[in-house]
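Structure, as structure tokens:
The values are calculated or read from the model by the stated rules, or taken from the named source; none is laboratory data. From a predicted model like this one, the values you see are computed outputs, not experimental measurements. For neighbour counting, all protein chains shown are included, and Cβ atoms are generated from backbone atoms with ideal geometry for every residue, glycine included. Protein only, heavy atoms only, side chains kept; ligands, DNA and RNA dropped before computing areas. Shrake-Rupley method; radii C 1.70, N 1.55, O 1.52, S 1.80 Å.
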Amino acid sequence: MSDSGASDRDGGGGRLRRVAGLHATAVGDDLFLVREADREIIHLNATARALWQALAEPATAAELSDLLASAYEGAPPARVAADVQAALAEMSALGVIEAVPVGPAAPAATPSAE
């Protein structure tokens, strides 16, 4: 992954995946992730939780936007796409998702409990 900016971190058309080493616990509509390495607790709201769950398999930002748009019937697609992009950028900044490396033998993240 390059360090050229937010478009690389939030997908930029590439596939995204969960970062390994996180354990998830649901509380109501929210999801809390605990990072194994430092025991940091990360809170995800309902939208970010839906994205996290959708990222059980790598996906692009466009695929995730389409998925959420279908779940929120009547919501303007442009608004859903903007909300998804913002949530993905924040999730990337928190270190819970990453771009899938392009090339041979890119190992997948190990899924955690939801």
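Quick one: which residues, 5 or more positions from Thr60 or on another chain, have an amide H under 5 Å from its amide H? H modelled 1.01 Å from N in the peptide plane, none for Pro or chain starts.
Placed amide hydrogens put Leu16 under 5 Å from Thr60.
If you count only protein heavy atoms with a 1.4 Å probe, what accessible area per residue comes out for the range 37-105, rounded to a whole Å²?
For the range 37-105, the solvent-accessible area averages 56 Å² per residue.
Per the 1.4 Å probe, what fraction of the accessible area of the range 20-107, in percent, lies on carbon and sulfur atoms?
Within the range 20-107, the accessible surface is 58 percent carbon and sulfur.
Label points 7 Å out from Cα along the Cβ direction at Ile41 and Val102: separation in nm?
For Ile41 paired with Val102, the spin-label model returns 4.0 nm.
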